[in-house]
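Below is one structure, written out as structure tokens, with a few remarks after it.
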Amino acid sequence: MTPSRSKTVLFAFQGDPMCFVHVLLNAIDLHERGREGKIVIEGEAIQLVADMALDSHYLHALYAKTKELGLIDAVCQACATKLGALEDIKFENLPLVSDMNGHPSMGRYIDEGYEVITF
């Protein structure tokens, strides 16, 4: 099968690790299939970053792989600030985005041809 040129962005809002694992797995799967997939971390999901950054966390390997592959495209600056995770996000060198009143804009991704999926 020829790799598709489809573009998908996964907006993760939920702070439940059992939900977020699917965001990580799907982004990696899209990448491995030759498709363009990106992750945007929003809402309560932002609070997972500090835990996933720990080697001992069960999602660490998947999280590290998504970082290595450059699949985390944006982290909500407003949510990171409000939820006290701004320093964790900066420490992890994740891109803080605030192009829509402090939040990442779904419209921008749609304008760029991405299919938006929310978790």
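Values computed for the structure shown
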{"quantity": "Per-region count, the range 73-93, residues among the charged types (D, E, K, R) and farther than 11 Å from VAL49 by Cβ", "calculated": "2"}
{"quantity": "Near pairs, Cβ below 8 angstrom, 6+ apart or cross-chain, from the range 108-119 (farther than 16 Å from CYS76 by Cα) to any residue that is modelled with pLDDT under 95", "calculated": "GLU115/SER6"}
{"quantity": "Options ALA64, ALA50; residue that is over 25 Å from GLY113 (Cβ atoms) and touching an Asp or Glu at 6+ places or on another chain (Cβ under 6 Å)", "calculated": "ALA50"}
{"quantity": "Count - residues of the range 43-72 that are surrounded by 17 or more Cβ atoms within 10 Å (Cβ to Cβ) and either aromatic (Phe, Trp, Tyr) or touching a Ser or Thr at 6+ places or on another chain (Cβ under 9 Å) (or both)", "calculated": "2"}
{"quantity": "Which numbered condition LEU59 misses (of (1) closer than 19 Å to THR8 by Cα; (2) in contact with a Leu (Cβ under 9 Å, 6 or more places away or on another chain))", "calculated": "(1)"}
{"quantity": "Which listed residue, of GLY37, GLY15, is without any contact (Cβ under 8 Å) to a residue 40 or more places away in the chain, within 16 Å of THR118 (Cβ to Cβ) and touching a His at 6+ places or on another chain (Cβ under 8 Å)", "calculated": "GLY37"}
{"quantity": "Wholly within the range 2-119, helices (runs of 4 or more DSSP H) carrying at least 2 residues that are of a type in the set (Val, Ile, Thr) and touching a helix residue (DSSP H, G or I) at 6+ places or on another chain (Cβ under 8 Å)", "calculated": "17-32"}
{"quantity": "Lone qualifier among ILE72, ILE46 - being at negative phi and out of contact with any strand residue (DSSP E or B) (no Cβ under 6 Å at 6 or more places or on another chain)", "calculated": "ILE46"}
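The values are calculated or read from the model by the stated rules, or taken from the named source; none is laboratory data. Given the structure is predicted, the values throughout are model-derived calculations rather than measurements. Neighbour counts run over all protein chains shown; Cβ positions are idealised from the backbone, glycine included.
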